[in-house]
Amino acid sequence: MEYSEKVLEHFRNPRNSGQPEKFNAMGMAGNAKCGDVMKIFLEIEDDKIADVGFKTFGCAAAVAASSMATELIKGRTIEDALALTNDDVANALDGLPWEKMHCSVLAEQAIKQSVADYYKRQGIDPTPIVGVLDDGFGHMDENY
Ligand code: FES
């Protein structure tokens, strides 16, 4: 298994790492098989991702995917963030080994969870907007 230069570069020098000082949405996704977990924090202003951060407890690909995914949605609209797929993230990293594709799924799912949280905090049911989400562990427990 080989990582692209871009994966290694984002792993060594992750963008938007950590919890931003101000955020109004948070979502997490995990993979029960490998046990890795990704948390995405969003500061949404006027339907735009004004700031974003992440905390990832996972493999190099998961860290690189978090870094790349946050770069791809920063400054974009909520709609753009929801349209981001795991393939977009993997392609932007010049590909991932197939056994590491699930790491990019965490990024897509954690972003969707975070947007769902944003709506929930306003008393809006996110399901019609974001769809039915699963945190990867079969529940919505955010305390880990
Ligand atoms: Fe599980 Fe990468 S091996 S997120």
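The values are calculated or read from the model by the stated rules, or taken from the named source; none is laboratory data. Nothing here was measured: the structure is a model prediction, and the numbers come from that model. Ideal geometry is used to build each Cβ from the backbone, glycine not excepted, and the neighbour counts take in all protein chains shown.
Residues that are within 16 Å of the ligand (Cβ to nearest atom), farther than 14 Å from residue 31 by Cβ and surrounded by fewer than 18 Cβ atoms within 10 Å (Cβ to Cβ) within region 88-138 comprise 95, 97, 98, listed in sequence order.
Residues 40, 111, 129, 124: which one is assigned to a loop (DSSP other than H, G, I, E, B) and either among the aliphatic types (A, V, I, L, M) or in contact with a Phe, Trp or Tyr (Cβ under 9 Å, 6 or more places away or on another chain) (or both)? Steps first, please.
Values: 40 fails: assigned to a loop (DSSP other than H, G, I, E, B); 111 fails: assigned to a loop (DSSP other than H, G, I, E, B); 129 fails: assigned to a loop (DSSP other than H, G, I, E, B).
None of the others qualify; the one that does is 124.
The residues of region 21-32 that are away from the ligand (no atom under 16 Å from the Cβ) and loosely packed, with under 15 Cβ neighbours inside 10 Å, listed by number, are 21, 22.
The set of residues in region 59-87 that are within 12 Å of the ligand (Cβ to nearest atom) and either part of a helix (DSSP H, G or I) or in contact with a Phe, Trp or Tyr (Cβ under 6 Å, 6 or more places away or on another chain) (or both) comprises 60, 61, 62, 63, 64, 65, 66, 86. Within region 42-58, the residues that satisfy the criterion of being modelled with pLDDT of 95 or more, within 16 Å of the ligand (Cβ to nearest atom) and more than 12 Å from residue 26 (Cβ to Cβ) are 56, 57.
Are any residues in region 41-80 free of Cβ contacts under 8 Å to residues at least 24 places away in the same chain and aromatic (Phe, Trp, Tyr), and if so, which ones? Matches in region 41-80: 57 only.
All told, residue 55 meets the bar of being among the basic types (Lys, Arg) and assigned to a strand (DSSP E or B).
When residue 35 is tested against the conditions (1) surrounded by 16 or more Cβ atoms within 10 Å (Cβ to Cβ); (2) within 16 Å of the ligand (Cβ to nearest atom), the lone failure is (1).
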